[in-house]
């Protein structure tokens, strides 16, 4: 048994101590047993471990640096996670000190045509189903996927871009794309994809999670769906909260993302959607890329960013700016992802998995893409001063060094 004491809590409730035993939180606010191991938090903020919803790489050094104790892994892997064997392997990959929750490919090889073995992949450990980097074009196929997910009680993670509009584009239509001469598509592509998938999801009565919603009109659709009681949730990354398409100036390939960066008006709408609760999840979108994939002309560079190490520190800006409280931030980083996946974690409550991080929220540091702990440093926030560092992490009540 281990007891954590002298910490700061996320909310105003008085908490003297937390006890962990056999991987679970067993007591909150009670005195320690005489024979218990005492862990002195020394005034650090105690929070549930971050659950990163929708990463593209199992990158344990990056996750540890960022306070991520669990991650939902997208099926866009090599080989693709479209069969029980690959799902089973992924689910075991990080244990015991890190848990991967694999998402099953909706279709074979994510090609959008033939359904994958969704039921068998659930039995193998899949916690959800995903369309990957792309969406499913054929409505008939998408509806069948949704019906299977509904029957199996699995959430469906979708990528929202209308390929008929975005084909071969690398940027959002606007002044920046025009000035740089980049092939571009209107932000309407996201809205059209959200709308069509939403009608199908309503028909199938499935929980649909829009992995990234980045436009004002798209967020308006999410608000409307929630007001009608549909099973809808959505997420975003710090890149689309804190950067607009002007960050692409100079052809900075680290800002080549999918979906692409949006206008300043859309960015501000995303901030407001965090404030009013429309956005349910902030995820890293962690997709580390090798230098040879980024040191290319902008149009040829591979989309993606290394986001795990900066997820917490960047998200803390929302608290400092008065957009949300620190407790609400961990709804977005931990509690809501746990609810979507249906796992016994993501909060500080008796009976839940003892996945805990201790944070010094005032520690200043500078993002340095050349010194990142993970597989690559392709961050659009390179050289940005930030605040907030995880000092200690516990997985299942055990200290991770």
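Annotations
- Fluctuation leader among 80, 270, 149 - the chain, Gaussian network, Cα springs under 10 angstrom: 80
- Exposure proxy ranking, count of Cβ atoms within 10 Å, fewest first, for 315, 173, 160: 173, 315, 160
- Counting neighbouring beta carbons within 10 Å and listing from fewest to most, the residues 275, 211 come out as 275, 211.
- Computed lengthening from residue 11 to residue 268, 0.36 nm per intervening residue step minus Cα-Cα distance: 89.8 nm
- Mean separation of Cα contacts under 8 Å, 6 or more apart, over the residue count of region 27-169: relative contact order %: 17 percent
- Estimated inter-spin distance, residue 327 and residue 302, nm [label 7 Å along Cα→Cβ]: 4.3 nm
- Label-point separation in nm, residue 140 to residue 168, each point 7 Å along Cα→Cβ: 2.9 nm
- Here the relative contact order of region 101-155, from alpha carbon pairs under 8 Å that lie six or more residues apart, stands at 38 percent.
- Stretching the chain fully between residue 203 and residue 317 yields a gain of 37.2 nm (0.36 nm per residue, less the alpha carbon separation).
- Each residue in 148, 89, 210, 401 was given a count of other beta-carbon atoms within 10 angstrom of its own, and listing them fewest first yields 401, 89, 148, 210.
- Net length gained if the chain between residue 220 and residue 371 were fully extended (0.36 nm per residue, minus Cα distance): 50.4 nm
- Gyration tensor verdict on region 53-177 (Cα atoms; rounded if a/c is under 1.5, prolate if a/b is larger than b/c, oblate otherwise): oblate
- For the chain, the longest principal axis of the C-alpha atoms and the axis of helix 188-204 are separated by about 70°.
- Remark: spin-label model distance residue 120-residue 249 equals 5.4 nm, labels positioned 7 Å along the Cα→Cβ axis.
- Estimated FRET transfer efficiency when R0 is 41 angstrom, pair residue 28-residue 292 (beta carbons, to 0.05): 0.25
- Here r is the Cβ-Cβ distance between residue 147 and residue 401 and R0 is 30 Å; the resulting FRET efficiency, rounded to 0.05, is 0.05.
- Acute angle (nearest 10 degrees) that the helix 84-93 long axis makes with the longest principal axis of the chain, alpha-carbon atoms: 40 degrees
- Per-peptide average of other Cβ atoms within 10 Å, ordering 355-364, 372-381 highest first: 372-381, 355-364
- Computed E for residue 78/residue 183 - FRET, C-beta separation, R0 22 angstrom, nearest 0.05: 0.25
- Contact order, relative form, for region 286-401: 28 percent (alpha carbon pairs under 8 Å, 6 or more residues apart, mean separation divided by residue count).
- Packing, as the average of other Cβ atoms within 10 Å across residues, places the peptides 194-200, 163-169, 129-135 in the order 129-135, 194-200, 163-169, highest first.
- The angle between the Cα long axis of helix 311-320 and the longest principal axis of the Cα atoms of the chain comes to about 80 degrees, rounded to the nearest 10.
Each value in this text was obtained by applying a stated rule to the coordinates, not by laboratory testing. Because the structure is predicted, anything quoted here is derived from the model rather than measured. Positions of Cβ are generated from backbone atoms using ideal geometry, with glycine treated the same way; all protein chains shown enter the neighbour counts.
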